[in-house]
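Only one structure is covered here, and it is reproduced in the block below.
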Amino acid sequence: MDTDRERHRARETAFYLFTQQSLPACKPVLTPGWVIAIFLFMGVIFIPVGLVTLRASHCVVEIVDRYDIDCVPEPSRMDKVSYIQDDSIPKNCSRFMKVHKYMKAPIYIYYQLDNYYQNHRRYVKSRSDKQLLDGQKYHDTSYCQPVESNNNRPIVPCGLIAWSLFNDTFEFIREGAELKVNRKNIAWKSDRGHKFGKNVYPFNFQNGTLIGGGKLNPEIPLSDQEDLIVWMRTSALPSFRKLYGRIEEDLDVDDVVVVNLMNNYNTYSFGGKKKLVLSTSSWLGGKNDFLGHACVFVGCSSLTLAIIFVLLHVKYRRPYGDMSYLPWNRKSFSG
């Protein structure tokens, strides 16, 4: 009994010390010297890191071509929505992309969409992850509304995200020879192996009266439909890029790449933009100056604050713990 009481008393004492913030702890005192040293250290670290990051970003060669307007015939540009919805009008288009700087393989092909809100709450929820993994064995697809079923038969994959699959296609030619595009392993390995079933096949997909985006081959399992897997990983921002494939050949300076594309995807009804991007990569990934600029900004700000604190410390030096400079203390001393 005495042991239990002692334990209970110790717990109460520890709880009291915790609530009163009186537990033994390290309580560093930030003297002017420590503050100045910390800011100097941050500046010395962040500025070189930012410069290295910017250099890596500038080493990436990128070609961007917006094609959604130029690939609409002149007579149809007053009503682009009618043009894109009319299946009788051919949608083929040719674009020319000139290489201004040597591009070392692999060259990544992206399609970029602007003003496309994949992060809309109803759009993001309109999917069934369990159906993607188990197929028709899973029957609760209420989240997929309004693209849940057609003619009283389930749709696999269901939901608005799959229904709006991007379906523009691209073919690349250089000096009369076709550049082969590797479209394997463009999706995350974790998505292919754990989120899309190897024995789940498209069923009753895009068979309704209202067709959304691309169609899927019903003889290929969802785990191998990498276009779909890439598209189903929704973007958080209204402007985003998704990987289309890779060119495994180098492109030299002044090479002209002819792009034969099919302008199938409808972005005109909501004022969206479509762009084709060819890009190399660095050890840091694609071209993005934000991280480098952020590091340089933090480093320069830290150095500036360190210099300001040094000047203040030199000009208004006082012994540690001296409170006599406070207005109310000065009055008491003078009295």
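For residue 235, are the conditions met, namely being touching a residue at least 40 places away in the same chain (Cβ under 8 Å), open to solvent by less than 80 Å² (accessible area, probe 1.4 Å) and among the hydroxyl-bearing types (Ser, Thr, Tyr)?
Working: touching a residue at least 40 places away in the same chain (Cβ under 8 Å): yes; open to solvent by less than 80 Å² (accessible area, probe 1.4 Å): yes; among the hydroxyl-bearing types (Ser, Thr, Tyr): yes.
Answer is yes for this residue.
Can you find, within region 117-146, the residue that is least open to solvent (accessible area, probe 1.4 Å) among those that are of a type in the set (Phe, Trp, Tyr) and either at positive phi or in a helix (DSSP H, G or I) (or both)? Across region 117-146, the extreme among qualifying residues is 123. Among residues of region 143-161 that are under 19 Å from residue 235 (Cβ atoms), those with a Cβ under 7 angstrom from a residue that is among the polar types (S, T, N, Q), sequence gap 6+ or separate chain, pair up as 157/131; 159/126; 159/128; 160/126; 161/126; 161/234. In the set 244, 201, only one residue is aromatic (Phe, Trp, Tyr) and within 17 Å of residue 103 (Cβ to Cβ); that residue is 244.
Under the condition of being open to solvent by 70 Å² or more (accessible area, probe 1.4 Å) and part of a loop (DSSP other than H, G, I, E, B), which residue from region 160-182 is farthest from residue 217 (Cα to Cα)?
First, the residues of region 160-182 that are open to solvent by 70 Å² or more (accessible area, probe 1.4 Å): 171, 175-176, 178, 180.
Right, trim to part of a loop (DSSP other than H, G, I, E, B) and you get 175-176, 180.
Numbers: 175: 32, 176: 30, 180: 21 Å.
Applying the filter and picking the extreme gives 175.
For region 147-159, a residue qualifies if it is of a type in the set (Gly, Ala, Ser) and part of a loop (DSSP other than H, G, I, E, B), and exactly one does: 159. Every condition in (1) part of a loop (DSSP other than H, G, I, E, B); (2) assigned by the TED database to the domain that holds residue 53 holds for residue 295 except the one numbered (1).
Can you tell me which residue is most open to solvent (accessible area, probe 1.4 Å) among those in region 54-72 that are in a loop (DSSP other than H, G, I, E, B) and charged (D, E, K, R)? Among those residues, the one meeting the criterion is 70.
Let's see how each residue does on (1) farther than 27 Å from residue 274 by Cβ; (2) outside the structural domain of residue 154 (by the TED database):
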position	(1), (2)
39	yes, yes
42	yes, yes
48	yes, yes
52	yes, yes
94	no, no
104	no, no
110	no, no
126	no, no
131	yes, no
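Residue 149 falls short on exactly one of the conditions (1) among the polar types (S, T, N, Q); (2) open to solvent by 30 Å² or more (accessible area, probe 1.4 Å); (3) modelled with pLDDT of 95 or more, and that condition is (3).
Residues in region 187-232 that are touching a helix residue (DSSP H, G or I) at 6+ places or on another chain (Cβ under 8 Å) and closer than 14 Å to residue 163 by Cβ: 202, 203, 205, 206, 212, 213, 214, 216, 228, 231, 232. The residues of region 94-116 that are assigned to a loop (DSSP other than H, G, I, E, B) and crowded, with 17+ Cβ neighbours inside 10 Å, listed by number, are 99, 116.
The values are calculated or read from the model by the stated rules, or taken from the named source; none is laboratory data. Here the structure is a predicted model, which means the values were calculated and not measured. Cβ atoms come from the backbone with ideal geometry, glycine included; neighbour counts cover every protein chain shown. Note: accessible area is taken over every heavy atom of the protein model, side chains too, but ligands, DNA and RNA are not part of it. Shrake-Rupley method; radii C 1.70, N 1.55, O 1.52, S 1.80 Å.
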